[in-house]
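Trainee: My questions all concern the structure below.
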Amino acid sequence: MPHPYVLLSAAVSLDGRLDDTGPERLLLSGPADFDRVDEVRADSDAILVGAGTLRADNPRLLVNSAERRAARVAAGRPAYPLKVTVSGTGDLDPTANFWSTGGEKVVYTTDEGAVTAAEALHGLGVDVVPVGPGLDWRAVLTHLHDVRGVRRLMVEGGGRVHTQLLQQGLADELQLALAPLVVGQPHAPKLFGDGEYPGGPRNRLRLIETRPVGDVVLMRYVPTAPGTGPVPSAADHRWLALACELAAECPPSRTAFSVGAVVVAADGTELARGYSRESDPLAHAEEAALAKIEPGDPRLPAATVYSSLEPCARRASRPAPCARLILDAGVRRVVTAWREPDTFVAAADGNGLLAAEGADVVVLPEHESAAKAPNRHLN
């Protein structure tokens, strides 16, 4: 299901700590970075923190700039983003700053926790939303997107929330402010906890920006590791968007689709990319990409092929269709945006061929319009 763009925001010390162990909050950022965070809040539809952060820090989570609030209102948005918290137990303090300041608030909790939260927050106008017997992040994000209209979600902590979203492949971006100090306390809270992360320990997030902000350094990263099985990850959307961009590079044709493809290893390494008619007038995108990879590459069985159009199941120009080429290469996961129409081949079902031989096929229709764009002349 569609989710908001999830941006994880945090400030950490040089040794990766969010705070020290003292009773007062350790301020890792300075005025310049606080203003940057205020700008990011103003650009967001909602701001989320975990219940543990509410208890520890008692934050207000406001857009402090009157000019930014005015700009939101002028654009037809509420002055403040929606404020969101998640709690497994529903045990929330009704006197916390979170409830008495800013705009609308919503709590996501378990079925059992919803009873506790509704009692604690009675009369405060807070929307309490149960998402099942456990705290299901995908259900939370789907509700925010579909019911609350949230397209951009800023997550400000704490470490447990950041850890869960990154581990489950749901974080689209990490904005990290690195402060020039060392906490040095082994029990101080850290940004990410131990456990399994997408792509394993060899997965490297991609750095997309770095710049000084006062005396801290802002670093922006995006995840690269594909999802696993039929469950999409944030990185799947990014790679599929790239495949759709590659489709626009195809030489135009009246007799074939323009398609882009990218092959990505499980650790997020791009193995190859290609597009239709890249190497010769008959080449398909998946064919062009796979031809650039050494046959038998040990990374292929765990890799994902991203194709803007469903891989073909039948073709007249080559002995093997692209779905067969993918399977013969050993790849068992394909992410695509658009099912092949009957323009050239009736009842094409490359996805069905892939699935019949054990491949996981993920269709992300959010990217369908981008995949169709280079092919509008074929309508």
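Trainee: Select, from 277, 202, the only residue that is among the charged types (D, E, K, R), closer than 29 Å to residue 291 by Cβ and touching a Cys at 6+ places or on another chain (Cβ under 7 Å). Outline the logic, then answer.
Mentor: On the way: 202 fails: touching a Cys at 6+ places or on another chain (Cβ under 7 Å).
Matching residue, one of 277, 202: 277.
Trainee: In this structure, does residue 256 turn out to be of a type outside the set (Ser, Thr, Tyr), in contact (Cβ under 8 Å) with a residue 40 or more places away in the chain and either more than 21 Å from residue 236 (Cα to Cα) or surrounded by fewer than 17 Cβ atoms within 10 Å (Cβ to Cβ) (or both)? Walk me through it before giving the result.
Mentor: Values: of a type outside the set (Ser, Thr, Tyr): yes; in contact (Cβ under 8 Å) with a residue 40 or more places away in the chain: yes; either more than 21 Å from residue 236 (Cα to Cα) or surrounded by fewer than 17 Cβ atoms within 10 Å (Cβ to Cβ) (or both): yes.
In short, yes.
Trainee: Can I ask one more? Does residue 123 satisfy the criteria of being small (Gly, Ala, Ser) and at positive phi?
Mentor: Values: small (Gly, Ala, Ser): yes; at positive phi: yes.
Taking the combined requirement at face value, the residue satisfies it.
Trainee: Residue check, residue 279 against (1) in contact with a helix residue (DSSP H, G or I) (Cβ under 6 Å, 6 or more places away or on another chain); (2) among the small types (Gly, Ala, Ser); (3) outside any loop (DSSP other than H, G, I, E, B), all met but one. Which one?
Mentor: For residue 279, the failing item is (3).
Trainee: Just to verify a result, which residue in the range 272-305, among those that are surrounded by 20 or more Cβ atoms within 10 Å (Cβ to Cβ), within 14 Å of residue 334 (Cβ to Cβ) and of a type outside the set (D, E, K, R), is farthest from the chain's Cα centre (by Cα)?
Mentor: The residue in question is 284.
Trainee: With 197, 221 as the choices, which residue is of a type in the set (Phe, Trp, Tyr) and either at positive phi or without any contact (Cβ under 8 Å) to a residue 40 or more places away in the chain (or both)? Give the steps one after another, and end with the answer.
Mentor: Values: 221 fails: either at positive phi or without any contact (Cβ under 8 Å) to a residue 40 or more places away in the chain (or both).
None of the others qualify; the one that does is 197.
Trainee: Here is a further query. Quick one: is residue 371 crowded, with 22+ Cβ neighbours inside 10 Å, in contact with an Asp or Glu (Cβ under 8 Å, 6 or more places away or on another chain), small (Gly, Ala, Ser) and touching a residue at least 24 places away in the same chain (Cβ under 8 Å)?
Mentor: Values: crowded, with 22+ Cβ neighbours inside 10 Å: yes; in contact with an Asp or Glu (Cβ under 8 Å, 6 or more places away or on another chain): no; small (Gly, Ala, Ser): yes; touching a residue at least 24 places away in the same chain (Cβ under 8 Å): yes.
No; evaluated as a whole, the condition is false for this residue.
Trainee: State all residues of the range 193-213 that are modelled with pLDDT of 95 or more and in contact with a helix residue (DSSP H, G or I) (Cβ under 6 Å, 6 or more places away or on another chain); if no residue qualifies, say none.
Mentor: Matches in the range 193-213: 213 only.
Trainee: Also, quick follow-up: Counting only residues that are basic (Lys, Arg), give me the strands (runs of 3 or more DSSP E) lying completely in the range 160-235 with at least 2 of them. Let's see the steps before the verdict.
Mentor: Values: elements: 173-178, 206-213, 216-222.
In the range 160-235, 206-213 are the strands (runs of 3 or more DSSP E) which contain 2 or more residues that are basic (Lys, Arg).
The values are calculated or read from the model by the stated rules, or taken from the named source; none is laboratory data. On a predicted model such as this, the values are computed, not experimentally measured, just so you know. All Cβ positions, even for glycine, are placed from backbone atoms using ideal geometry, and neighbour counts span all protein chains on display.
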